[in-house]
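Student: Handing you a structure now.
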Amino acid sequence: MDTDEITAEIRTEFLDAIAGAEASDDLERLRVAALGKKGRISQLMRGLGAMSELERKRAGPAYNRLKTDIADAIEARRRVLDATALARRLAEQGIDVTLPARPEPTGSLHPVSQVLDEITEIFADMGFAIAEGPDIETDFNNFTALNIPPEHPARQMHDTFYLPEKDDGSRLLLRTHTSPVQIRTMMASPPPHRIVIPGRTYRCDYDMTHTPMFHQIEGLVVDRETHMGHLKGCLIDFARAFFEVADLPLRFRPSYFPFTEPSAEVDIGCSARDGGFRIGKGEDWMEILGCGMVHDRVLENCGLDPAEYQGFAFGMGIDRIAMLKYGIRDLRSFFDSDLRWLRHYGFAALDVPTLGQGLSR
Ligand code: DAH
C-alpha cells in the first residue's frame, strides 16, 4: 500500500468511528488510539525516518494533514456530545416555575418591640422626636442632677447596680430609669425639647412583675409657657390612642417624684373583677405611668432659667403596659427567649397603628 492508500484507510476508519462515538469516554479512547504516543499516527510518523527523501516529502505533509483532521473531528464530535448532554440534562431537570415557593420560616416582633413601635408612632404623630442615651450612666445624670442628692431616700428604692469604684471614689452605674436622658438632652442643646426616650433600664429585682433588666419610655417637653394642661392633654391623647378606647377614663393622682413638682401618677379606668380584666369600662383603676412638671432645680442643674422655661415629663414601663394591653401574665417570660412563647405572643412586622388609626379602630 502506498502512502495515499494508508492515510485514506486510517482516515476513513477513524472519522467513521469518531462520528459514531456516543460518549466522551469513547472519544478519548479513539484519541489515544490515533494520536497517543503509541497510536496509529504516531507509528506512521515514526516510519518517516526510514524513508527516502522523496517519499518523506510526500508522506510527511499527508500524515500531518491526517493528524489535524482526526484531531479536529474529535474536537467537533466532543462539542456535539457536550451540547446533547446539556440539552438532555436541561430537559430532565426542568424547573417548574409555576410551583409555589417553599415557605421560609418568618420571625415575629417581640411584644416589647411591638409596643415600643406603637408608643413611638403615637408620639411621633404628636411631633415628638426620639432620643436615646447609654445604659451605663454617671451617678450625676441618674440621680444628683434629677434632684436626688446622695443622702436622698429615693436612692434606696432604686436597687441600683453599681460598677466597681474608680480611683477617685466615683462609681458608674446601670441606669435605673430613662430619666437621665432628660439631663443629657437639656445639657446638649437649648430648648425647645419635645422628645420620647425609649430604652433599657436596670434594677436588682426579680419576681412575676419585675426583671433586673426592663424597658421604660420617658417623655420630655421643655419650652416657654409649658403648663400642666399640656401634660394632661398629651397623656390623655396618648392613652386613648394606645389602648384604642376613644373615651378611656384617665385619673391624674397626686404623687411624688424628686424631679417633678407637682407630680402625678396616671391611672386608666378598667374593670378587674372575678378574675377578668377589661380596659376602659368599670369601677377600677390601674396605674400606667408617672409624670409631672419638671422641677425648677432640675432645670437649673441643666443651666436653664425656670422663669423663662418650663417643662413636663413622664415615664412609663414598656413591659408592664405590654403585659396589660396583650394580657401577658408573667414578665419573666418576656426574656426567656422561648420560641414557642415568641410565636404565640409575637407580632407580624409592619403593623404599626398611627394615632388616627388607633382612635378610629
Ligand atoms: N423615672 C421614674 C421611675 O423610674 C418614672 C418617672 C416619673 C419619670 C415621673 C418621669 C416623671 O419623667 O416625670 O420610676
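Student: Once whole DSSP H runs in the chain are found, which of them have Cα atoms spread over 15 Å or more along the helix axis and a mean Kyte-Doolittle score of at least 0.5?
Tutor: 228-243
Student: Report, in deg cm²/dmol and to the nearest 500, the calculated mean residue ellipticity at 222 nm for the chain, where each DSSP H run with n ≥ 4 adds -39500 (n - 2.57) and the sum is divided by the residue count.
Tutor: -13000 deg cm²/dmol, from helical runs alone.
Student: Just want the ordering: Met286, Met316, Met323, from fewest to most Cβ atoms lying within 10 Å of their own Cβ.
Tutor: Met286, Met323, Met316
Student: Determine the dipole magnitude for the chain: charges of +1 sit on the beta-carbon of Lys and Arg, -1 on that of Asp and Glu, nothing else is charged, the reference point is the Cα centre, and the result goes in debye to the nearest 20.
Tutor: In debye, rounded to 20, the chain gives about 1440.
Student: Give me the one-decimal nm value for the distance between modelled label points at Tyr162 and Glu283, 7 Å along each residue's Cα-to-Cβ direction.
Tutor: That separation, rounded to one decimal, is 4.8 nm.
Student: Ok, one more. Sorted from largest down, what three extents in whole angstroms do the Cα atoms of region 3-92 have along their principal axes?
Tutor: 58, 20, 15
Student: Further question: From Cα pairs below 8 angstrom and at least 6 apart in sequence, can you work out the relative contact order of region 111-355, rounded to a whole percent?
Tutor: The value is 22 percent.
Student: Still on this structure, I have one more. Take the Cα gyration tensor of region 1-158, multiply each eigenvalue by 5, square-root it, and list the three semi-axes largest first, rounded to whole angstrom.
Tutor: 91, 24, 13
Student: Percent of Cα-Cα pairs per 5 Å bin, from 0 to the last occupied bin, for region 153-288, please list those.
Tutor: Calculated P(r), rounded to whole percents: 2, 8, 13, 17, 19, 17, 13, 6, 3, 2, 1, 0.
Student: For Thr260, what residues show an amide H to amide H distance below 5 Å, using hydrogens built from the backbone and excluding near sequence neighbours?
Tutor: The answer is His295.
Student: Using a Gaussian network for the chain with springs between C-alpha atoms less than 10 Å apart, which of these wobbles most: Ser337, Ser255, Ser42?
Tutor: Between Ser337, Ser255, Ser42, it is Ser42 that shows the largest mean-square fluctuation.
Student: Separate question: Binned at 5 Å from 0, what are the whole-percent values of the Cα-Cα distance distribution for region 98-189, short to long?
Tutor: Answer for region 98-189: a P(r) of 3, 10, 15, 15, 14, 12, 9, 7, 4, 3, 2, 2, 1, 1, 0 percent.
Student: Which whole-angstrom value gives the distance between the alpha carbon centres of region 174-241 and region 1-21?
Tutor: The two parts, judged by their Cα centres, are 95 Å apart.
Student: In what order do Thr185, Thr209 fall by count of nearby beta-carbon atoms within 10 Å, going from fewest to most?
Tutor: With the sparsest Cβ surroundings first, the list reads Thr209, Thr185.
Student: Another question about this same structure. Quick one: if you take sqrt(5λ) for each eigenvalue of the C-alpha gyration tensor of the chain, what semi-axes come out, biggest first, whole angstrom?
Tutor: Sorted largest first and rounded, they come to 88, 27, 19 Å.
Student: Rg/Rh for region 60-110: what does it come to with C-alpha atoms and Rh from Kirkwood?
Tutor: My calculation puts Rg/Rh at 1.56.
Student: While we're here: Quick check of the Kirkwood formula: for region 202-361, what is the inverse mean of 1/r over all pairs of different Cα atoms, in Å?
Tutor: 17.6 Å
Student: With unit charges on the beta carbon (Lys/Arg positive, Asp/Glu negative), name the residue among Ile18, Gly49, Ala87 whose Cα is farthest towards the positive pole of the charge dipole of region 3-92.
Tutor: Gly49
Here, each number is a calculation from the coordinates, and none is a lab measurement. Just so it is clear, the structure is predicted and the values come from calculations on it, not from any experiment. All Cβ positions, even for glycine, are placed from backbone atoms using ideal geometry, and neighbour counts span all protein chains on display.
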